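Input: a single structure, listed below in structure tokens.
The values are calculated or read from the model by the stated rules, or taken from the named source; none is laboratory data. Computed from a predicted structure; not experimentally measured. Here the Cβ is made from the backbone with ideal geometry for all residues, glycine too, and neighbour counts use every protein chain on show.
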Amino acid sequence: TAAALKDLFADDFRIGAAVNPCTIRTQEKLLAHHFNSITAENEMKFASVHPREDLYTFEEADQIADFARKHGMALRGHTLVWHNQTTDWLFRDRQGRPVSKAVLFERIRSHIQTVVGRYKDDIYAWDVVNEVIADEGEQLLRSSLWTDIAGDEFIAKAFEYAHESDPNALLFYNDYNESHPHKRDKIYTLVKSLLDRGVPIHGIGLQAHWNLYDPSLDDIRAAIEKYASLGLQLQLTELDMSVFRFDDKRADLTEPAPGMLERQAELYEAVFKLLKEYRDCIGSVTFWGAADDYTWLSDFPVQGRKNWPFLFDEGHRPKPAYYRVAALT
Ligand code: XIL
């Protein structure tokens, strides 16, 4: 069998994977061999654990926490405050009108206390706030039900509530397009202003949903340098390397085109080489999945289109990218 990634990078950073109730069964051997950290792909999101005000549903989240414990893996928590996969009841009263800021804060505080409190002994790091920065334009924050009701104050509040719920947890701001210069600078500005105000935040999560064409290695390096200058821990939280350009809407490929997997291997090698240079500030590198038999990219952004973003193929065999990455160590 192939050398375990978690051992190869033991002196550098943890190696993680997003999992769900299906993949902890179908990929158990692969996960146990190569990975020493996991993240619940959907099962700890607001809509999954708190569908109604008076109802918490922790069954699937618990299965994932149990899996981490069984295999001695670190567990990341994902995510507390987000504009997606959050049930509408949070923002509305019984008549369907938007609630006041005070009510929203009470509700999210109680949510965070319940969820973070429950997994205190299992989860060492939480993505507290996810994707609040606007991709384009000069506006810092994305407009959402959160900003409609609470301006920008909900961000600091979420970190404070998470910190009071588990003072030992590392608290992260997490976002995508994190290596694009424009968004990078905005993420930096937000996190710096939180730090300047004494908000308890300990890390930046770089989602790292990358593809064969974008972002450039120079932009990745510049983003890491800039974030690291804040003195925070960095983690790659959702790494995958799509074989398609983001605007490529082709849906006809049923297997990788010639050259794709070689190019992917070269890129993964270059990326891990770069990440190793920053091992002092990078705590973990988590893939948004483990092997090509299951990836969210098979539905996003093109429904039903296959993708091959990982180091292991559909049969859980090491791909060219695995061998190039393993040879670095
Ligand atoms: C994705 C999951 O992988 C999908 O199964 C789900 O349908 C949508 O969310 N950024 C994040 C993750 O922070 O939570 C998202 O996960 C991918 C983008």
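Take the residues of the stretch 286-319 that are in contact (Cβ under 8 Å) with a residue 12 or more places away in the chain, closer than 13 Å to residue 241 by Cα and not in a loop (DSSP other than H, G, I, E, B): which is nearest to the ligand (Cβ to nearest atom)? Here the residue is 296. Are any residues in the stretch 200-214 outside any strand (DSSP E or B) and within 16 Å of the ligand (Cβ to nearest atom), and if so, which ones? Of everything in the stretch 200-214, those that are outside any strand (DSSP E or B) and within 16 Å of the ligand (Cβ to nearest atom) turn out to be 207, 208. When the stretch 169-191 is examined, which residues are found to be part of a strand (DSSP E or B) and surrounded by fewer than 22 Cβ atoms within 10 Å (Cβ to Cβ)? Listed by number, the list holds a single entry, 170.
The residue that is farthest from residue 111 (Cα to Cα), among those in the stretch 164-188 that are without any contact (Cβ under 8 Å) to a residue 60 or more places away in the chain and aromatic (Phe, Trp, Tyr), is 188. Considering the stretch 229-277, the residues that are assigned to a loop (DSSP other than H, G, I, E, B) and among the basic types (Lys, Arg) include one that is surrounded by the most Cβ atoms within 10 Å (Cβ to Cβ), namely 245. Looking at the stretch 281-320, which of the residues that are in contact with a helix residue (DSSP H, G or I) (Cβ under 9 Å, 6 or more places away or on another chain) and among the small types (Gly, Ala, Ser) is modelled with the lowest pLDDT? Across the stretch 281-320, the extreme among qualifying residues is 304.
The residues of the stretch 14-25 that are within 16 Å of the ligand (Cβ to nearest atom) and surrounded by 15 or more Cβ atoms within 10 Å (Cβ to Cβ), listed by number, are 16, 17, 18, 19, 20, 21, 23, 24.
Here is a yes/no grid of residues against (1) of a type in the set (Lys, Arg); (2) without any contact (Cβ under 8 Å) to a residue 12 or more places away in the chain; (3) away from the ligand (no atom under 16 Å from the Cβ):
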{"position": "53", "(1), (2), (3)": "no, no, yes"}
{"position": "65", "(1), (2), (3)": "no, no, yes"}
{"position": "71", "(1), (2), (3)": "no, no, yes"}
{"position": "78", "(1), (2), (3)": "no, no, no"}
{"position": "81", "(1), (2), (3)": "no, no, no"}
{"position": "102", "(1), (2), (3)": "no, yes, yes"}
{"position": "106", "(1), (2), (3)": "no, yes, yes"}
{"position": "109", "(1), (2), (3)": "yes, no, yes"}
{"position": "117", "(1), (2), (3)": "no, no, yes"}
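Kindly check whether there is at least one residue in the stretch 113-133 that is under 21 Å from the mean Cα position of the chain (by Cα), farther than 21 Å from residue 58 by Cα, among the aromatic types (Phe, Trp, Tyr) and not in a loop (DSSP other than H, G, I, E, B). Within the stretch 113-133 (the criterion being under 21 Å from the mean Cα position of the chain (by Cα), farther than 21 Å from residue 58 by Cα, among the aromatic types (Phe, Trp, Tyr) and not in a loop (DSSP other than H, G, I, E, B)), the answer is no, since none of the residues qualifies.
Checking the stretch 192-201 against the condition returns a match, with at least one residue being under 17 Å from the mean Cα position of the chain (by Cα), surrounded by 15 or more Cβ atoms within 10 Å (Cβ to Cβ) and within 30 Å of residue 120 (Cα to Cα).
Whenever a residue of the stretch 120-140 is more than 13 Å from residue 83 (Cα to Cα), its partners that are assigned to a strand (DSSP E or B) and of a type in the set (D, E, K, R), lying with C-beta atoms within less than 9 angstrom and at least six residues away or across chains, give the pairs 123/76; 124/76; 125/76; 126/76; 127/76. Answer yes or no: is there a residue in the stretch 240-258 that is within 17 Å of residue 295 (Cα to Cα) and among the acidic types (Asp, Glu). There is at least one residue in the stretch 240-258 that is within 17 Å of residue 295 (Cα to Cα) and among the acidic types (Asp, Glu).
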